[in-house]
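**Student:** Let me begin by handing over the structure; questions about it come next.
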Amino acid sequence: MVHNVHERVVPGTPEQVWAVLADVSRLYPASSGTFALPDGLYVGAPVRHDGMTYRVAVVEPGRKLWFDVGRAISGGHGFELFPAEGGRTLVRHQLKGRLGGLFALLWPLVIRRAHDKALEGFLDNLEREVTRAHAG
């Protein structure tokens with residue numbers, strides 16, 4: 001079982017943060033690989049992520065974006081937005097569940113470090129873009 005959490009407080013309301021987060025493909029750091037929603041963002045939409053293909057499971061604007069990764073991670077991964085003091089938003093990314101197959105073997109050896117780096121880069125990009133949109 002794994003539970004990996006990354007959090008960041010960013011300026012703007014959950015709705016303002018969602019407006020940027022909804023373009024999740026653009027925020028994924030290019031140096032960390034690929035993440036694409038080729039058909040757009042909706043429940044059931046395909047996700048292409050570093051050679052894996054999975055689906056969007058939950059789209060709750062201003063609240064939650066969750067991905068169903070299938071057998072690789074039983075609980076999936078995704079983002080939740082929580083109002084924070086001063087008109088800001090806590091952005092939480094979680095990856096949780098039982099790991100399966102090759103993913104279970106590679107998580108502690110390689111994937112976890114790459115995932116952590118990608119998520120921190122993603123949150124850096126999100127914070128920068130939300131700050132830019134919020135200031136403008």
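**Student:** To the nearest 500 deg cm²/dmol, what mean residue ellipticity at 222 nm is calculated for the chain from DSSP H runs of n ≥ 4 alone, each contributing -39,500 (n - 2.57), summed and divided by the residues? Working shown, then result.
**Tutor:** Values: 4 runs with 42 residues, N = 136.
Using -39500 (n - 2.57) per qualifying helix, the result is -9000 deg cm²/dmol.
**Student:** How much solvent-accessible surface does Asp39 expose, in Å² to the nearest 10, with a 1.4 Å probe and all protein chains in place?
**Tutor:** Using a 1.4 Å probe on the heavy atoms, I get roughly 100 Å².
**Student:** Please report, in whole Å, how far the alpha carbons of the chain spread along each principal axis, starting with the longest.
**Tutor:** Per principal axis, max minus min of the Cα coordinates gives 45, 28, 25 Å.
**Student:** Here's another thing I want to ask about it. Counting only protein heavy atoms and a 1.4 Å probe, tell me what percentage of the chain's accessible area is made up of carbon and sulfur. Could the numbers behind the result be given before it?
**Tutor:** Details: 3910 of 7190 Å².
Taking all protein chains in place, the chain shows 54 percent carbon and sulfur surface.
**Student:** Something else about it: Accessible area per residue of the chain at 1.4 Å probe, in Å²? Display every interim value, and only then the final one.
**Tutor:** Details: 7190 Å² over 136 residues.
Counting only protein heavy atoms, the per-residue value for the chain is 53 Å².
**Student:** Something else: Any chance you could run the full-extension gain for Ala30 through Leu90? It's 0.36 nm times the residue separation minus the Cα-Cα distance, nm to one decimal.
**Tutor:** Values: separation 60, 0.36 × 60 = 21.60 nm, distance 2.38 nm.
Additional length available on full extension: 19.2 nm.
**Student:** Over the chain, what is the relative contact order in whole percent, taking alpha-carbon pairs under 8 Å and six or more residues apart?
**Tutor:** Computed over the chain, the figure is 31 percent.
**Student:** Then there's this: Compute the distance in nm between two label points, each set 7 Å from the Cα along the Cα-to-Cβ direction, one at Val110 and one at Arg132.
**Tutor:** Placing both labels 7 Å beyond Cα along the Cβ direction yields 3.2 nm.
**Student:** Once you put a point 7 Å from the Cα of Val58 and another 7 Å from the Cα of Leu41, both along the Cβ direction, what distance in nm separates them?
**Tutor:** 1.6
**Student:** Show me, for the range 40-46, the HN-Hα J-couplings you get by feeding each phi into the Karplus relation (A = 6.51, B = -1.76, C = 1.60, θ = phi - 60°), rounded to Hz, glycine and proline as x.
**Tutor:** x, 9, 7, 4, x, 4, x
**Student:** So between Ser74 and Phe103, what do we pick up on full extension, going 0.36 nm a residue minus the alpha carbon distance? Walk me through the numbers before you get to the answer.
**Tutor:** Working: separation 29, 0.36 × 29 = 10.44 nm, distance 1.12 nm.
Roughly 9.3 nm would be gained on extension.
**Student:** Among rounded, prolate and oblate, which fits the range 37-112 when a ≥ b ≥ c are the square roots of the eigenvalues of its C-alpha gyration tensor, a/c under 1.5 means rounded, and a/b larger than b/c means prolate?
**Tutor:** On the way: a/c = 2.53, a/b = 1.47, b/c = 1.72.
Taking the square roots of the gyration eigenvalues as a ≥ b ≥ c, the range 37-112 is oblate.
The values are calculated or read from the model by the stated rules, or taken from the named source; none is laboratory data. These figures come from a predicted structure and were not determined experimentally. Note: ideal-geometry Cβ built from the backbone for every residue, glycine included; neighbour counts use all protein chains shown. Protein only, heavy atoms only, side chains kept; ligands, DNA and RNA dropped before computing areas. Shrake-Rupley method; radii C 1.70, N 1.55, O 1.52, S 1.80 Å.
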